[in-house]
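Contents: one structure, followed by commentary.
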C-alpha cells in the first residue's frame, strides 16, 4: 500500500491529537474519582462549607489517632495511680498515713491505703506502671467511665449540648443504683438526687444537697475527673468547650470545684492550638497558664496554682513542693481553704482543692513527659489516680497512639470494658479505642458545624474551624 509523505504526516497529527485527548479525559476522570472516607457519620447531614483564609485546618484522621492516644494514656495513668490511691493523705485527724512518698518509693513495695485494712494494692505489689497487653482488656474506672458515657450521650442524642434531662436520663440508665456502683461522694449524691426527681444543675446546689454528712458536696473532686473530655470535643475553641461542659460539670460541682474542672477542660481544648514548635515542657506551661485565667484571682484554686508554680520556678524538688502544699493548705488552711476545719472523713482527701494542687505538682514537674508525669502523680498522694488519669489522657492525646507506644517501648491492649463500672451499653459493654476515637470524631463533626459555624471536608478529611481570638475570663 502506497502512502505519500503528506498522508503519513496527517495520520501522525491525528494520532497525537487522539492520544492527547484521551490523556486529558483520563486526567479529568482521576480528579473526579470520589475519595473514600471511612469516617462518615450516618446520623449527620454534612453541609457545604466555603472555607475562609483565616480558618484553622485540622486533620480528622490525625485527630482520631490523638483520641486513641487519649484513651490509652488515660487508662495507663488511671490504673497506675490506683496502686497508691489514698495511701498517703497526711497526719491530721483520726486517719494518719505517715510520711508522703518520694521518688525513692518508685518500684518499691506499695503501702496500704486508708481503707485497705493493712493490705497493699492487689493491682501491683510494687509502685510501678500497670499495663494491659495485647489480648487483655482495660477495665473502666470512675476516671474514664463518665467520659465514655457523656460521649455516648452526645452521639445518641445527636446534640452538642446536653440538657439536664438528657444527663439525668443517661445517669439513671447507665449507673447501677445500688452498691457497689463505683460512685462516691458528690457523684453518689447526684445520683441520689436524680432518683428523687432532681435534674442537673439542681443536683449540685447546696440548698438541695446538704445533709448530715456533708454541707459541701459541691466542693469535691468528682467533676474534674469526669468532664475533661469536653475540651477535646471543641478543638482550639475553649469558649465552646466551656459551653458544652457547663451542665455536666454543674451536675456535681460549684465554685472552686467548678473552676478547677473548667481549668482542665480548657487545657484539653488548647492542646489543639498550642504552638507545635514549642517543646512539650513549653506547651504544657503555656496551656496551664492560659487555663489559669479561668480561676478567679481571689479563689483558693488560683492561689494553689500560683503557689505550686512559684515552687517549681525556684527549682525546689517536687517532693518539697508537695509537702509545702500540704503544710499551707491542710495544716495552715491558708487562702480560704478551710477543709480541715470541717472535720470530715479523711480530712477531705477527695476534695477538689488539695487534689488540684497535687495535680499541678505532677503537671509542672513532669514537664510534658508522660512517664515522669504519671510517676510523680502516683507518688504525690491523696486521690492519686485522678490527677494521673487527667494528665495521662492529655499527654497521650498530644503524642498520639504511636507516641504512647514508643514512650513505653511496647504495644498495649485496645479493648475497653465499660461494664466493669457501668451498665446498659451495647455489645455487653465491650468496646475498643479505635471505635471510641471514631465516635469522638463524629461528635466534633457536629460541633464544628452547629456550634462553631465551620465545616467538614470529607474529601480532604479535615475540619475548617473559624479562628477566634483566645479570650479566657475568670469564672463566675
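The values are calculated or read from the model by the stated rules, or taken from the named source; none is laboratory data. These numbers were taken from a predicted model, which means no experiment stands behind them. Neighbour counts run over all protein chains shown; Cβ positions are idealised from the backbone, glycine included.
When the stretch 223-268 is filtered for residues that are farther than 23 Å from residue 368 by Cα, buried (at least 24 other Cβ atoms within 10 Å of the Cβ) and under 15 Å from the mean Cα position of the chain (by Cα), the ones remaining, listed by number, are 223, 244, 245, 248, 249. Pairs linking a residue in the stretch 114-130 that is in contact (Cβ under 8 Å) with a residue 60 or more places away in the chain to a residue that is surrounded by 17 or more Cβ atoms within 10 Å (Cβ to Cβ) and assigned to a loop (DSSP other than H, G, I, E, B), with Cβ atoms under 7 Å and 6 or more positions apart or on different chains, are 114/86; 114/89; 114/97; 127/83; 127/84; 127/110.
Conditions tested, residue by residue: (1) within 23 Å of the chain's Cα centre (by Cα); (2) assigned to a loop (DSSP other than H, G, I, E, B); (3) without any contact (Cβ under 8 Å) to a residue 40 or more places away in the chain; (4) surrounded by 22 or more Cβ atoms within 10 Å (Cβ to Cβ).
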residue	(1), (2), (3), (4)
182	yes, yes, no, no
186	yes, no, no, yes
194	no, no, yes, yes
197	no, yes, yes, no
200	yes, yes, no, yes
208	no, no, yes, no
211	no, yes, yes, no
214	no, yes, no, no
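Look at the stretch 465-476: where a residue is within 30 Å of residue 48 (Cβ to Cβ), no partner that is modelled with pLDDT under 95 and in a loop (DSSP other than H, G, I, E, B) sits 6+ places away or on another chain with Cβ atoms under 7 Å. Residue check: residue 21 meets all listed conditions (1) outside any loop (DSSP other than H, G, I, E, B); (2) under 30 Å from residue 461 (Cα atoms); (3) modelled with pLDDT under 95 but one, namely (2).
Checking each residue in the stretch 150-170 for being without any contact (Cβ under 8 Å) to a residue 24 or more places away in the chain and in a helix (DSSP H, G or I) picks out 153, 156, 166, 169, 170. Among the residues that make up the stretch 274-288, is at least one of them closer than 30 Å to residue 191 by Cα and at pLDDT 95 or above? No, because not a single residue in the stretch 274-288 is closer than 30 Å to residue 191 by Cα and at pLDDT 95 or above. Among the residues of this structure, residue 220 counts as one that is touching a residue at least 24 places away in the same chain (Cβ under 8 Å) and either over 16 Å from the mean Cα position of the chain (by Cα) or farther than 20 Å from residue 363 by Cα (or both). Quick one: what pairs do we get from the stretch 32-60, first residue in a loop (DSSP other than H, G, I, E, B), second at pLDDT 95 or above and exposed (fewer than 14 other Cβ atoms within 10 Å of the Cβ), C-beta under 7 Å, 6+ apart or different chains? Filtered contacts from the stretch 32-60: 35/459; 43/158. Residues that are assigned to a helix (DSSP H, G or I) and either touching a strand residue (DSSP E or B) at 6+ places or on another chain (Cβ under 9 Å) or more than 20 Å from residue 253 (Cβ to Cβ) (or both) within the stretch 348-362 comprise 352, 361, 362, listed in sequence order.
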